[in-house]
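The values are calculated or read from the model by the stated rules, or taken from the named source; none is laboratory data. Given the structure is predicted, the values throughout are model-derived calculations rather than measurements. When we count neighbours, we look across all protein chains shown, and the Cβ atoms used for this are built from the backbone with ideal geometry, even at glycine.
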Amino acid sequence: MFVPRFRPDIAGLARYKAGRPISEVARSYGFEPADVVKLASNENPLPPFPEVEKAMAEALTEVNRYPDDDAYQLREALSRHLDVAPDQIWVGGGSSELLRVAALAVGGPGTTAVYAWPSFVIYRLATIWAMSQAREVPLDAAFAHDLERMAETVGSDTTVVYVCNPNNPTGTVVPADDLRRFLDAIPERCLVVVDEAYGEYVTDPTYSTMLPEAVSRPNLVVTRTFSKVYGLAALRVGYAVASADLVAELRKAQAPFTVTSIGQVAAVEALRYPARVAERVEANRVGREWLEERFAELGVSFVPSQANFVFFRVGASTDRTTEAFLRHGVIVRPMADGWVRVTVGTPEENRRFVEALEEELSALSQPGDLA
Ligand SMILES: Cc1ncc(COP(=O)(O)O)c(C=O)c1O
């Protein structure tokens, strides 16, 4: 049989592993889909606003046409929302597309990419796709970015640095002052991507978005998404802010039409309800603190989070822990070294998760299968 020749680095790659779908877990573990709780992909537990659903329905009749490749309406709406110029806004098919395109635009053989680890796996994949070499800098003892070591790791061959703030999967943030100092230390020929996919959820007063910095620095791009707090993950709409020059250069490495017309319409509509977004942020804070309090009461190790998820470890291996939750119809995300990530859900979903934790905890706390 004919076998096409593949790039060895691509052939050897493990594909991005998404959270397990509800339908598949329901089938495998004998649940009705409605009884499965998915807390594995940091999604918004609530459906889109009704006005957003209506706007999408109205836009359906025009899907015979290609979407607006310049996303004029969406960039205008974001421009008003963020108080930056429309040409300082870059949109893409989820912010993960923008993270990938950034790597492709500046990478290539002989270049390196610097980012923290563990962090969002797309940085690692994008580095490989771009034929660049990864320089992964371990998180510090508090599971936060070690910005000093990251700055030291940036070499003359480094063309992109990713900073995930808040960090996925640990939920930690770097203070704004430290991040500005870090940006000052990175040479301007090196692109810096600050990924703020969870920025809206942060309550720590030392944190601040780098959006204002992005328009004034020549090498900074700040990415955000409609997938999390706006609850539009399936539509794949992300955006970034950078100087107009940088946006124009980055767009050259991007395929056309990656944001659908439905996605553009939905995102524009979603931006009209900031008070409801704030309510969702507050509900997330309450749910996050409730989960953290339960972890503390039960003596479970966890990392205090600023995002819509919490990173925790009970003592058993990652696989054994996630499997135990699946038997209760609760999908959580396996990470590594016994660590697991749970997304903040609705109060009812959070309760289901904690009930499963309480039932399984003594069995999972037996040491033995952790390296
Ligand atoms: C840190 C981080 N950045 C970006 C994304 C990508 O989101 P999207 O491509 O849906 O915008 C995610 C999604 O989980 C994430 O965790």
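Scanning segment 165-199 for residues that are over 17 Å from Thr153 (Cβ atoms) and in contact with a Lys or Arg (Cβ under 7 Å, 6 or more places away or on another chain) returns Pro169, Glu196, Ala197, Tyr198, Gly199. The residue that is farthest from Ala102 (Cα to Cα), among those in segment 237-274 that are surrounded by fewer than 18 Cβ atoms within 10 Å (Cβ to Cβ) and of a type in the set (Phe, Trp, Tyr), is Tyr273. Within segment 33-56, residues that are under 10 Å from Thr343 (Cβ atoms) sit with their Cβ atoms under 6 Å from residues that are among the small types (Gly, Ala, Ser) and within 16 Å of the ligand (Cβ to nearest atom), at 6+ positions apart or across chains, in these pairs: Leu39/Gly345; Ala40/Gly19; Ser41/Gly19; Glu43/Ala233; Asn44/Gly231; Pro45/Gly345.
Quick one: which residue in Val137, Val163, Val84, Val114 is under 27 Å from Gln306 (Cα atoms) and within 17 Å of the chain's Cα centre (by Cα)? Before you say what the answer is, go through the steps one by one.
Numbers: Val137 fails: within 17 Å of the chain's Cα centre (by Cα); Val84 fails: within 17 Å of the chain's Cα centre (by Cα); Val114 fails: within 17 Å of the chain's Cα centre (by Cα).
Exactly one residue qualifies, and that residue is Val163.
Scanning segment 74-99 for residues that are more than 13 Å from the ligand (Cβ to nearest atom) and either surrounded by 20 or more Cβ atoms within 10 Å (Cβ to Cβ) or of a type outside the set (D, E, K, R) (or both) yields Leu74, Arg75, Ala77, Leu78, Ser79, His81, Leu82, Val84, Ala85, Pro86, Gln88, Ile89. Does Val265 fit the bill of being over 21 Å from Val193 (Cα atoms), over 20 Å from the mean Cα position of the chain (by Cα) and β-branched (Val, Ile, Thr)? Yes; evaluated as a whole, the condition is true for this residue. Annotation: of all residues in segment 116-160 being closer than 21 Å to Gly12 by Cα and of a type in the set (Phe, Trp, Tyr), the one that is surrounded by the most Cβ atoms within 10 Å (Cβ to Cβ) is Tyr123.
In this entry, Gln254 passes the filter for residues that are under 18 Å from Gln88 (Cβ atoms) and either at pLDDT 95 or above or in a helix (DSSP H, G or I) (or both). From the list Thr170, Thr153, the one residue that fits, being touching a residue at least 60 places away in the same chain (Cβ under 8 Å), farther than 16 Å from Ser95 by Cα and assigned by TED's automatic domain parsing to the domain that holds Val241, is Thr170.
Does segment 130-145 contain at least one residue that is assigned to a helix (DSSP H, G or I) and either in the same structural domain as Ala253 (by TED's automatic domain parsing) or within 16 Å of the ligand (Cβ to nearest atom) (or both)?
Step one: filter segment 130-145 for residues assigned to a helix (DSSP H, G or I), giving none.
Taking every residue of segment 130-145 in turn, none turns out to be assigned to a helix (DSSP H, G or I) and either in the same structural domain as Ala253 (by TED's automatic domain parsing) or within 16 Å of the ligand (Cβ to nearest atom) (or both).
Checked against the criterion of being more than 24 Å from Pro45 (Cα to Cα) and either within 11 Å of the ligand (Cβ to nearest atom) or not charged (D, E, K, R) (or both), segment 263-280 contains not a single residue that satisfies it.
Output the residues belonging to segment 292-315 that are modelled with pLDDT of 95 or more and more than 20 Å from the chain's Cα centre (by Cα).
Keep residues of segment 292-315 that are modelled with pLDDT of 95 or more, which gives 292-314.
Answer for segment 292-315, where residues must be modelled with pLDDT of 95 or more and more than 20 Å from the chain's Cα centre (by Cα): Glu292, Glu293, Arg294, Phe295, Ala296, Glu297, Leu298, Gly299, Val300, Ser301, Arg313, Val314.
When segment 225-248 is filtered for residues that are near the ligand (Cβ under 10 Å from one of its atoms) and in a helix (DSSP H, G or I), the ones remaining, listed by number, are Ala233, Ala234, Leu235.
Across segment 100-115, which residue is nearest to the ligand (Cβ to nearest atom) among those that are surrounded by fewer than 21 Cβ atoms within 10 Å (Cβ to Cβ) and within 11 Å of Leu191 (Cβ to Cβ)? Let's see the steps before the verdict.
First, pick out the residues of segment 100-115 that are surrounded by fewer than 21 Cβ atoms within 10 Å (Cβ to Cβ): 104-105, 108-112.
Going one step further and asking which of them are within 11 Å of Leu191 (Cβ to Cβ), we end up with 105, 111.
On the way: Ala105: 17, Thr111: 21 Å.
Out of the qualifying residues, it is Ala105.
Arg217 - would you say it is within 16 Å of the ligand (Cβ to nearest atom) and among the basic types (Lys, Arg)? Criteria not met by Arg217.
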